[in-house]
Amino acid sequence: MSKENTCKIKEVDMLYNTLSIQKNLTNMYNESGNESYEISLRDTITNILTEEHMIRNEISSEISKRGWEKLNTEKVDTKDLKQTLKNFTEKISEL
């Protein structure tokens, strides 16, 4: 494997790992904001959350720009989709 290919693979892995970290960070900040009762703390966390979303978008854009998105090309069976929707609707109605 050439040095160029090795470096490219590492960049792909690095960007996807960074994207995963950003997703986890936004989840944690979102949960923290939801649990904050003090308004100024909640506002600060919300501002940080917004910044983290912007960073995540930048990473996603870079992945897209380089043509490295992992697309799901698997076709969904309509019958399975309808069954999933039915199950979801039933669970919602139970609430």
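Given the structure, is S40 of a type in the set (G, A, S), outside any loop (DSSP other than H, G, I, E, B) and modelled with pLDDT of 90 or more? So S40 passes the test. W68 meets the conditions (1) part of a helix (DSSP H, G or I); (2) touching a helix residue (DSSP H, G or I) at 6+ places or on another chain (Cβ under 6 Å) in every case but one. The failed one is (1). Evaluate the stretch 55-67: report whether one residue or more is on the phi < 0 side of the Ramachandran plot and touching a Phe, Trp or Tyr at 6+ places or on another chain (Cβ under 8 Å). Yes, there is a match, as at least one residue in the stretch 55-67 is on the phi < 0 side of the Ramachandran plot and touching a Phe, Trp or Tyr at 6+ places or on another chain (Cβ under 8 Å).
The values are calculated or read from the model by the stated rules, or taken from the named source; none is laboratory data. The shown structure was predicted, so the numbers you read here are calculated from the model rather than taken from an experiment. Note that we place each Cβ from the backbone using ideal geometry, even for glycine, and neighbour counts take in every protein chain shown.
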